[in-house]
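Have a look at the structure below, then the notes.
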Amino acid sequence: MSEQTSENALRRRVRELEQELDDLKRAWDPLVASEAIFRMMVQAANSVILTLDPDGRLTFINDYGVAFFGYDPDEILGRSVVGTIVPEKDLDGSDLSAMVGSLVQEPERFSVNENENIKKNGDRVWIAWTNRAVRDEDGRVCEIICIGNDITAHKEAERNLRKTTRQLKERVKELNCLYEISRLRDLTDFSLDGSLQSIADLIPTAWQYPEIACARIVMEHYEIKTQNFHKTEWCLSREIRIAGEKAGKVEVCYLEPRPGGAKDPFLKGERQLLKAIAERVGKIIEREWMEEDMRRLR
């Protein structure tokens, strides 16, 4: 082979390599640009975007997530989400540690999930999460992509609505109780003992936990009570006064503690209701005594 032929072949090979490089560059640049755009979108999103490894450790969190939870990236990357941005239990006692364990084992069960989270400063927040598993060729989970949006305000609104609804239901029960007591005196077959027994039986129905409530009306010489009455440490009492003098009392008790174990489980409205009941009982008794006196004088 002549020297000229070898040089021409070398030149052709150089041109071929240059063409291959140009082709690779044209193919590579859009990929690089696409990745850069994707990263920019992730960092600019007004949502928490993070990734977990199969052990539930944080491998990535975007700038919004870092600012939202109040951590520096170095403080949480590589650490489990439980104990950092997820408390072991939520305020209702649900086991969030177990939930995260199930999430990394069966991500599809938690493709959409709402749960309580916690910021570095201790503030509890609610996040609506969308979770997607990334699997390897063998189907094993190698990463979980999580996108979360803050729904704390929505949850607070729901909580307030439930609270207001519950309070309204309690007020309705209280008003019904007072209405029924007012009707008793108008009965044609009115008797004082019968009416007081009806009042005692009515009282538990107006309380927050009627299934474990009991009541009694105590006067100087007798006691009228519900069949299940038992004096306990969870007891509310109001005086019955007639002509300005103490004549007895009305009591309502719970037979067992309520959730939270509060020593005083009674609502403010229930205190006011018992006071109103005691006043009505006093008026019913006073009126009946006056009418008895009038009947004796005839």
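The values are calculated or read from the model by the stated rules, or taken from the named source; none is laboratory data. Computed from a prediction, not measured in an experiment: that's the story for all the values here. Cβ placement follows ideal geometry from the backbone for every residue including glycine, while neighbour counts extend to all protein chains displayed. Side chains are part of the model used for accessible areas, which takes the heavy atoms of the whole protein and leaves out ligands, DNA and RNA. Shrake-Rupley method; radii C 1.70, N 1.55, O 1.52, S 1.80 Å.
Is region 81-96 home to any residue that is modelled with pLDDT of 90 or more and among the small types (Gly, Ala, Ser)? Taking every residue of region 81-96 in turn, at least one turns out to be modelled with pLDDT of 90 or more and among the small types (Gly, Ala, Ser). Of the residues making up region 263-272, one or more are surrounded by 18 or more Cβ atoms within 10 Å (Cβ to Cβ), assigned to a helix (DSSP H, G or I) and acidic (Asp, Glu). In region 240-253, the count of residues that are under 20 Å from ARG166 (Cα atoms) and either modelled with pLDDT under 90 or part of a helix (DSSP H, G or I) (or both) is zero.
For region 209-223, the tally of residues that are under 18 Å from LYS275 (Cα atoms) and either buried (at least 17 other Cβ atoms within 10 Å of the Cβ) or among the hydroxyl-bearing types (Ser, Thr, Tyr) (or both) stands at 5. The residue that is modelled with the lowest pLDDT, counting only those in region 124-149 that are charged (D, E, K, R) and open to solvent by less than 80 Å² (accessible area, probe 1.4 Å), is ASP136.
Of ILE118, ILE61, all but one fail to be farther than 25 Å from GLU156 by Cα and aliphatic (A, V, I, L, M); the exception is ILE61. Residues being in contact (Cβ under 8 Å) with a residue 40 or more places away in the chain, surrounded by 11 or more Cβ atoms within 10 Å (Cβ to Cβ) and under 16 Å from ILE285 (Cβ atoms) are represented in region 246-259 by at least one member. Within region 74-110, the set of residues being small (Gly, Ala, Ser) and in contact (Cβ under 8 Å) with a residue 40 or more places away in the chain comprises GLY101 only.
For first residues located in region 122-148 and among the hydroxyl-bearing types (Ser, Thr, Tyr), partners that are open to solvent by less than 50 Å² (accessible area, probe 1.4 Å) and lie 6+ apart or on another chain with Cβ distances below 8 Å form the pairs THR130/CYS146; THR130/GLY148. Can you find even one residue in region 174-188 that is farther than 30 Å from ASN115 by Cα, of a type in the set (A, V, I, L, M, F, W, C) and open to solvent by 40 Å² or more (accessible area, probe 1.4 Å)? Yes, region 174-188 contains a residue that is farther than 30 Å from ASN115 by Cα, of a type in the set (A, V, I, L, M, F, W, C) and open to solvent by 40 Å² or more (accessible area, probe 1.4 Å). Comparison of LYS169, LYS163 shows that the only residue that is over 12 Å from the mean Cα position of the chain (by Cα), part of a helix (DSSP H, G or I) and loosely packed, with under 13 Cβ neighbours inside 10 Å is LYS169.
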